[in-house]
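Q: Here it is, the structure in full.
The values are calculated or read from the model by the stated rules, or taken from the named source; none is laboratory data. None of the values given here were measured: they were computed from a predicted structure. Backbone-built Cβ (ideal geometry, glycine too); neighbour counts: all protein chains shown. Just the protein is used for accessible areas: all its heavy atoms, side chains included, with ligands, DNA and RNA removed. Shrake-Rupley method; radii C 1.70, N 1.55, O 1.52, S 1.80 Å.
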Amino acid sequence: MSKIPATVITGFLGAGKTTLIRNMLQDAGGRKIALIINEFGDLGVDGNILTGCGIETCTEDDVVELTNGCICCTVADDFIPTMTRLLAREDKPDHIVIETSGLALPQPLVAAFNWPEVKTNVTVDGVVTVVDAAAVADGRFADDEAKVAALRAADESLDHDNPLEELFEDQLRAADLVVLNKADLIDREVLEKVRSEIAGKTERTVRTVASEHGKLPTDVLLGIEAGTENLILDRKAHHEMEHESGESHEHDHDEFESFVVDAGSLADRDGFEAALPGLIARHDILRLKGFADVPGKKMRLVIQAVGKRLETYFDRPWKADETRETRLVVIGLHHDLDAAARDEITNELNAIVSGEARQAAE
Ligand SMILES: Nc1nc2c(ncn2[C@@H]2O[C@H](COP(=O)(O)OP(=O)(O)OP(=O)(O)O)[C@@H](O)[C@H]2O)c(=O)[nH]1
């Protein structure tokens, strides 16, 4: 029996993984696709967006959400049992697509495909790393010397120069294909600069393709036939290489923090959208996303912020059995989101959601 192909879609927070998968599902080419969605933070936004996207090939049964932490750390407890259940199904999928969290390392996940109970039935068709080309052009992943110096001063045990840059490079090292997404936000010349910067971060030549809103022919993404589970040992992450050279530090996510804010109904959408970027910049929030209840509206409002870019849109009606609420997950570097900062952000978010902040400013 031929093995079921699996594709790992990885990439940093907000790069466009879910958007790319949503487009892939709309152009599945008759494939029955099973989705495994892994998220950092306890809100399950991506899975909710995908099952809410109204694509008949993407029902609740086709989506498995792993929200107990990054898939790279929960391989044994979550990922392997999920794959075993998936493979035990009568109506097996034609292709398995796994969206890692924005903070996951692809290497341990791809290595897990060598576990006996998986290897005989599944092969890794390819690792697709989605890049926010505009964020790269803005230098988001470059070393911010001043910031690293401040980090080191605050925590001499810090064993990474720059956790963002290191993770970004690790996700690129694992790639069979790099998607330079958000190309609509930069011009051609900048895109080519980003392309060569990306090329400089992997020792081997990796195919890159530009995209806008993750729109690419599904045949570009699926059917790479790389068999990456047999190649991943040559695509080591930083901490695996440091381990080999003796300066070992375990792979963890301690540098990152996430928390969920429950707020009330969004009384003043314009005021909220005007105030949110300032809050994000003040606290260096890397990612903020979730859903909001807008009084008088049948549809729920999706809130999507990646760095300073904010997008809100109504995606589907609230279900009869759903509580209309505003719930937002906030993700950032640990030292930016200590307890005091989390309280401050929670209070400020509640104030701008309720419209209080605007009234106070008037
Ligand atoms: N302008 C622009 N926005 C994009 C593009 N692709 C995605 N976005 C927006 O970027 C935001 C994040 O997109 P997602 O698809 O949720 O990103 P993700 O990688 O799944 O995010 P995480 O799962 O949180 O890591 C959303 O507001 C998208 O609409 C693009 O090509 N251009």
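Q: Please pick out the residue among Ala111, Ala76, Ala134 that is open to solvent by 50 Å² or more (accessible area, probe 1.4 Å), part of a helix (DSSP H, G or I) and among the small types (Gly, Ala, Ser).
A: The conditions single out Ala76.
Q: Then there's this: Taking the stated definitions as given, is Leu301 in contact with a Ser or Thr (Cβ under 6 Å, 6 or more places away or on another chain) and closer than 24 Å to Ala15 by Cβ?
A: Values: in contact with a Ser or Thr (Cβ under 6 Å, 6 or more places away or on another chain): yes; closer than 24 Å to Ala15 by Cβ: yes.
Considered against the rule, which asks whether it is in contact with a Ser or Thr (Cβ under 6 Å, 6 or more places away or on another chain) and closer than 24 Å to Ala15 by Cβ, Leu301 comes out as yes.
Q: Separate question: Please count how many residues of the range 173-229 are under 29 Å from Asn114 (Cβ atoms), open to solvent by 70 Å² or more (accessible area, probe 1.4 Å) and hydroxyl-bearing (Ser, Thr, Tyr).
A: 1
Q: Quick check on my filter: what residues within the range 252-285 are of a type in the set (Val, Ile, Thr), farther than 15 Å from Ser354 by Cβ and surrounded by 20 or more Cβ atoms within 10 Å (Cβ to Cβ)?
A: Ile280, Ile285
Q: Taking the criterion of being within 13 Å of the ligand (Cβ to nearest atom), modelled with pLDDT under 90, open to solvent by 30 Å² or more (accessible area, probe 1.4 Å) and at negative phi, would at least one residue in the range 15-32 satisfy it?
A: No - not one qualifying residue is present in the range 15-32.
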